[in-house]
1. With axes computed from alpha carbons, what is the tilt in degrees of helix 31-58 against the longest principal axis of the chain, rounded to the nearest 10 within 0 to 90?
2. Between Ile75, Ile13, Ile114, where does the largest GNM mean-square fluctuation fall for the chain, given springs only between Cα atoms within less than 10 Å?
3. Between Ile12, Ile91, Ile121, find the one with the highest GNM mean-square fluctuation for the chain; connect C-alpha pairs within less than 10 Å.
4. Quick one: among Tyr34, Tyr89, Tyr141, which has the greatest mean-square fluctuation in a GNM of the chain with alpha-carbon springs under 10 angstrom?
5. Sticking with the crude label model, points 7 Å out along Cα→Cβ, report the distance from Asp130 to His22 in nm, one decimal please.
6. Taking Cα centroids, how far is segment 115-153 from segment 1-62 in Å?
7. Per DSSP H run of at least 4 residues, take -39500 (n - 2.57); add these up for the chain, divide by its residues and hand me the 222 nm value, nearest 500 deg cm²/dmol.
8. Taking Cα atoms, how many degrees apart are the long axis of helix 2-27 and the longest axis of the chain, rounded to 10 and kept between 0 and 90?
Amino acid sequence: MNQEKRSLYRRIINFFDKFEDHVRAQLSRFPILYTFIGGIAIVLFWRGVWHTADLLEGRGGWLGWLFNAPINLAIVVLILLATGLFVSYFIGDTILISGLKQEKKTTEKTEKDIKKEDEEISKLRTQMTDMKEEVDEIRNYVEERGKKHWEEDIKKEVK
C-alpha cells in the first residue's frame, strides 16, 4: 500500500512537472501576456492566504490567537529568520552581496564600469582557456611517460 502511494505521488509530481514545462514554453512566446497571468495569479494566491488567515483568526480559540496580527508577525519573523529567507527576500541576495563588496548598484554603474567588467571577464576566460591547454599538455605528457615506463617494465620482465 505504501509503495502504491509513492508511485501515485511520483506520477502526480511528474505530470505537473511536464505540465509546467509545457505551459512555460507556450507562455514564454508571449512575455507580456505571461507577465499579466503570472502577476494576477501571485496576487490572487496571496489574497487567498490573507483571507484564510482572517477566517482562522475569526474562529477564535487557539487559531484566533495564532493568527492575531502581532503574534502572527512574531511567529512569521522567527520562521523567516530561521530559514534564512528574511534578509534575502526583503533586500535580495544581489543587493546584500554588492553591499558587502562595496560595489555600485547595477543602475549606478556607468558604461565605462560595465565595459571594464566585460574586459576583466574576457581576460579571465582567456586565462582559463590557457590553463586548460596547459593541463591537457601535462596530461598528455604524463600519459606518454606512463606508457613508456609500462613498456620498459614489460620488456624487463620478458627478458
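1. 50 degrees
2. Its mean-square fluctuation being the largest, the pick is Ile13.
3. Result for the chain, Cα springs under 10 Å: Ile12 fluctuates most.
4. Per the Cα network of the chain with a 10 Å cutoff, Tyr141 tops the list.
5. Between Asp130 and His22, the simple spin-label model gives 5.2 nm.
6. 48 Å
7. Values: 7 runs with 138 residues, N = 159.
The helix contribution divided over the chain gives -30000 deg cm²/dmol.
8. 90 degrees
None of the figures in this text is laboratory data; all of them are computed from the coordinates on show. Quick caveat: nothing in here was measured; it's all calculated off a predicted structure. Backbone-built Cβ (ideal geometry, glycine too); neighbour counts: all protein chains shown.
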